[in-house]
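What follows is one structure encoded as structure tokens, with my remarks underneath.
The values are calculated or read from the model by the stated rules, or taken from the named source; none is laboratory data. Please read all numbers here as calculations on a predicted model, not as lab measurements. For neighbour counting, all protein chains shown are included, and Cβ atoms are generated from backbone atoms with ideal geometry for every residue, glycine included. These accessible areas exclude ligands, DNA and RNA; they are computed on the full protein's heavy atoms, side chains included. Shrake-Rupley method; radii C 1.70, N 1.55, O 1.52, S 1.80 Å.
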Amino acid sequence: SLPLSFNLAFATALVPALSSAIANKNKEAGIKKISFSLLITILIGLPSSIVMAVFAKPILNLLFPNANSGELILQIAAISIIFTVLGQTVNGALQGIGKIFVPAISLSIGVAIKIILVPLSSEECYFGGVAGAALATVVCHMVAFFISFYILKRKTHIKIDFNKFVIKPIIASTMMAICSYYSYEMLKGIIIEDMATILSIIFAIIIYIISIIILKVFKKEEILMI
């Protein structure tokens, strides 16, 4: 919920910004705002998904010490964060360009697929039962995002720099995950596990910010745009 609340600010601000750009017939400014919002969304959502997946067990131990099962379920559910926040931003952009029904339609299709998938989950399969339901949720948000993004791309002709939007965030997130995980393994042998979890997640945030700076993900004009 935390990455969603951060990202909601960008998605909400995108609607009037795009509407203004369209009213002024400034398509280029509108596309820049969409691209920047998508970049911010990826930089928020991707590390959140990875940290939640990597630290699934320590987080459950920290929050629910007497009922800490469900590591696999949390790891699967963590994947949905990136697609949910991306869907937020894309839907904000669609509303900004006047395509207000597309988000509802795309999510409805995603929900329909989820309804089909959940009964197919069984305790016999690896992703059975509750884990299967979590996987169905991931598929739901993934499908909804890709449908909405396809419509947005077709209507705005937005171009995504694969290196900047995908490769660099993945590299930064991977560096963050590796460094924070090994710091956790080292710290839990020195201090109590709960404190090791908290410090390692804080360390993960610091490493991620440094990685983003080193990889030069942001241009000067994009920093000012924030």
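Asn163 to Ile191: FRET efficiency via 1/(1 + (r/R0)^6), r the Cβ-Cβ distance, R0 45 Å, to the nearest 0.05? It would help to have the intermediate numbers written out before the result.
Working: r = 39 Å, r/R0 = 0.87.
The calculated FRET efficiency here is 0.70.
Over the chain, with every protein chain in place, what whole percent of the accessible area is carbon and sulfur at 1.4 Å, could you tell me?
71 percent
Ranked by accessible surface with a 1.4 Å probe, highest first, in what order do Glu222, Glu28, Glu71 come?
Glu28, Glu71, Glu222
Over region 113-226, how many pairs of lysines fall under 21 Å by alpha carbon, counting only those 8 or more apart in sequence or from different chains?
For region 113-226, qualifying lysine pairs total 11.
Multiply the residue separation of Ala29 and Lys219 by 0.36 nm, subtract the distance between their alpha-carbon atoms, and state the gained length in nm to one decimal.
66.8 nm
Which log10 I(q)/I(0) values does region 139-226 give at q = 0.23, 0.26 Å⁻¹ under the Debye formula, counting every alpha carbon as one identical point scatterer?
Per q value, in the given order, log10 I(q)/I(0) is -1.05, -1.13.
Between Ala67 and Ser108, what's the calculated FRET efficiency when r is the beta-carbon distance and R0 is 45 Å? Round to 0.05.
Once rounded, the FRET efficiency stands at 0.85.
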